[in-house]
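*Asks:* First, the structure itself, so that you have it in front of you.
The values are calculated or read from the model by the stated rules, or taken from the named source; none is laboratory data. Values in this document were obtained by computation on a predicted structure and should not be read as measured data. Here the Cβ positions follow ideal geometry from the backbone for every residue, glycine too, while neighbour counts run over all protein chains shown. Quick note on the areas: whole protein, heavy atoms, side chains included, nothing else; ligands and nucleic acids left out. Shrake-Rupley method; radii C 1.70, N 1.55, O 1.52, S 1.80 Å.
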Amino acid sequence: SYISGFNMLKKCFLVVIFILIIVPIICFNHDKDVASNIDNRMLTELTDFKLETVNNYVNDRIGFRERAINIYNAINEKIFNVSTNPQLMIGKDNNIYPIVNSIPEFNDYHECFLNTIKNMQDYCEERGVEFYYMIEPSKATIMTDKLPNGINYNSYWLDEFISKAKDMGINLVDNYNYFKEIDVEIPLYNKRYDSYHWNDDGAFYGINNLLNSIGVEENNLEDFTREKYPGAKDEDVYDLTTDLKPEDYTDKYKEGLMMADDFKEFLYYKQNNNGPKLLSFEGSYLLTNDRTEKFIANHFSETIVVHDYQNVFNINYYLNIFKPDIVLFEMADYTFQEYYFARYYMETMQLQPVLNVDNFIQKGELQYSKEINGEYITYIIKNPDESFDYKYLMTDDDVYDLYKYDNENIALTILLENDFDINNVSVITKDKDNNVGCSYKLK
């Protein structure tokens with residue numbers, strides 16, 4: 001009887017072990033372009049079969065990964081009051097905070113960043129497109145006095161950055177000072193859950209500050225229902241939900257865009273109203289928890305969202321495609337890093353002036369080919385032998401900026417639905433010191 005019971009116990013133990021092994025494998029995440037809110041990054045893609053790539057792919061995508069990490073972290077925090085995540089720390093108020101660097105200073109990287117933003121704004125405004133730059137504070141920036149003892153951190157660098165941005169005439173949505181001054185009784189960050197981001201209340205108020213700056217109607221809290229968030233059972237974390245939902249066209253338009261390998265989040269919403277069209281370059285603060293859909297998209301006729309990290313430096317590429325009325329560039333203060341916004345891309349970003357030449361020297365023809373990828377079409381055009389600073393494609397109705405495709409070709413990407421008659425277009429090249437352009441037909 002004892003042996004029989006022991007054998008049964010061993011069998012049950014083996015069954016449990018088998019379930020713990022096989023279920024995560026069955027629930028393996030094979031989806032492409034998946035972002036992890038825990039890691040604030042895209043999950044590894046299986047681009048090759050090198051040992052390191054395969055190992056990272058399995059570790060990132062094994063079933064129940066995020067739930068297991070959350071349970072493990074919660075156990076350690078509740079029992080030992082320590083954070084097992086090397087990127088997080090527990091503050092004096094028992095809140096979880098992201099690790100911060102000691103006393104960052106305003107430097108030439110920030111100066112380069114400001115010049116880049118100003119160039120983007122000028123580029124948009126020259127084309128009749130409004131531009132707004134929105135910056136959010138991290139939890140540690142707003143609650144600096146609650147950080148653990150020994151953490152020497154302040155936000156003086158951010159004060160200088162914002163002051164210089166205003167002096168340069170950048171259209172700034174300053175949620176840093178807004179959240180320092182706002183007087184609300186509810187917390188804008190959760191105590192422990194998802195410590196990198198605002199909670200839904202913080203997103204609600206910060207986005208209303210944005211909408212007010214743009215000049216569109218703000219969100220009304222009465223249109224939302226407060227529901228307990230199912231992903232955080234250990235504390236009172238609430239989700240604002242609404243039945244006012246725009247039409248989601250993300251799946252239709254997602255495939256075929258040129259995007260940075262690590263940052264491929266994309267959204268596309270349409271709403272039946274007469275509002276402006278918004279192209280929004282966003283970080284995780286607005287991408288998290290459907291916040292763009294809930295708090296932004298209902299105020300615009302179309303809302304196109306591109307993951308801002310590295311992709312924002314191709315702003316001319318996206319303007320050609322989507323032709324927005326308003327451009328938003330949103331980011332958090334802790335993302336002033338090479339990984340998110342590489343200085344090399346700032347310094348090599350090429351934004352052409354508006355074509356304002358009426359005199360053209362008629363040249364020959366340029367060879368071209370075209371590629372159709374999903375809802376997008378790319379014209380690949382042989383680069384003229386002459387060395388010109390600026391290159392455009394002109395139709396009867398519009399002018400597009402051409403971008404460098406490779407060492408031999410220039411290119412234009414547009415929506416397939418906006419394709420034009422190739423017989424009615426010209427490629428215009430212009431030297432920045434010459435008021436006369438050269439015109440080519442395509443063959």
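*Asks:* So in the stretch 349-378, with the set limited to residues that are without any contact (Cβ under 8 Å) to a residue 40 or more places away in the chain and in contact with a strand residue (DSSP E or B) (Cβ under 8 Å, 6 or more places away or on another chain), which one is nearest to Gly128 (Cα to Cα)?
*Replies:* Among those residues, the one meeting the criterion is Thr378.
*Asks:* Something else about it: With respect to Lys245, is the statement that it is in contact with a Gly (Cβ under 8 Å, 6 or more places away or on another chain) and among the basic types (Lys, Arg) true?
*Replies:* no
Residue-wise test of (1) within 14 Å of the chain's Cα centre (by Cα); (2) farther than 23 Å from Leu221 by Cα; (3) touching a residue at least 24 places away in the same chain (Cβ under 8 Å); (4) open to solvent by 40 Å² or more (accessible area, probe 1.4 Å).
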position: Gly256; (1), (2), (3), (4): no, yes, yes, no
position: Phe263; (1), (2), (3), (4): yes, yes, yes, no
position: Tyr268; (1), (2), (3), (4): yes, yes, yes, no
position: Ala297; (1), (2), (3), (4): no, no, yes, no
position: Val305; (1), (2), (3), (4): yes, yes, yes, no
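*Asks:* Still on this model: Across the stretch 162-209, what is the total count of residues that are among the charged types (D, E, K, R), open to solvent by 40 Å² or more (accessible area, probe 1.4 Å) and farther than 28 Å from Glu125 by Cβ? Before the answer, list the steps.
*Replies:* The first filter runs over the stretch 162-209 and keeps only residues among the charged types (D, E, K, R), leaving 164, 166-167, 174, 180-181, 183, 185, 191-192, 194, 200-201.
Applying the additional criterion that residues be open to solvent by 40 Å² or more (accessible area, probe 1.4 Å) yields 164, 166-167, 180-181, 183, 185, 191-192.
After this cut, where a residue has to be farther than 28 Å from Glu125 by Cβ as well, the list is 180-181, 183, 185, 191-192.
Total meeting the criteria: 6.
*Asks:* Sticking with this one: What number goes with the only condition from (1) out of contact with any strand residue (DSSP E or B) (no Cβ under 6 Å at 6 or more places or on another chain); (2) among the hydroxyl-bearing types (Ser, Thr, Tyr); (3) closer than 30 Å to Thr44 by Cβ; (4) part of a helix (DSSP H, G or I) that Thr292 does not pass?
*Replies:* Exception for Thr292: condition (1).
*Asks:* Mind telling me which of the residues Asp145, Asp194 ends up being part of a loop (DSSP other than H, G, I, E, B), at pLDDT below 90 and charged (D, E, K, R)? Step through it out loud before you land on a result.
*Replies:* Working: Asp145 fails: part of a loop (DSSP other than H, G, I, E, B).
Only one candidate qualifies: Asp194.
*Asks:* Does Tyr133 count as at pLDDT 70 or above and not in a helix (DSSP H, G or I)?
*Replies:* In short, yes.
*Asks:* Of the residues Tyr345, Tyr400, Tyr339, which is out of contact with any helix residue (DSSP H, G or I) (no Cβ under 8 Å at 6 or more places or on another chain) and either under 30 Å from Asp108 (Cβ atoms) or part of a strand (DSSP E or B) (or both)? Write out each step before concluding.
*Replies:* Working: Tyr345 fails: out of contact with any helix residue (DSSP H, G or I) (no Cβ under 8 Å at 6 or more places or on another chain); Tyr400 fails: out of contact with any helix residue (DSSP H, G or I) (no Cβ under 8 Å at 6 or more places or on another chain).
None of the other options fit; the residue is Tyr339.
*Asks:* For the stretch 322-347, name all the residues that are open to solvent by less than 10 Å² (accessible area, probe 1.4 Å), charged (D, E, K, R) and at pLDDT 95 or above.
*Replies:* Correct list: Glu330 only.
*Asks:* To continue, here is another question. Go through the stretch 425-442 and count every residue that is modelled with pLDDT of 90 or more and either among the aromatic types (Phe, Trp, Tyr) or not in a strand (DSSP E or B) (or both).
*Replies:* Counting residues in the stretch 425-442 that are modelled with pLDDT of 90 or more and either among the aromatic types (Phe, Trp, Tyr) or not in a strand (DSSP E or B) (or both) gives 2.
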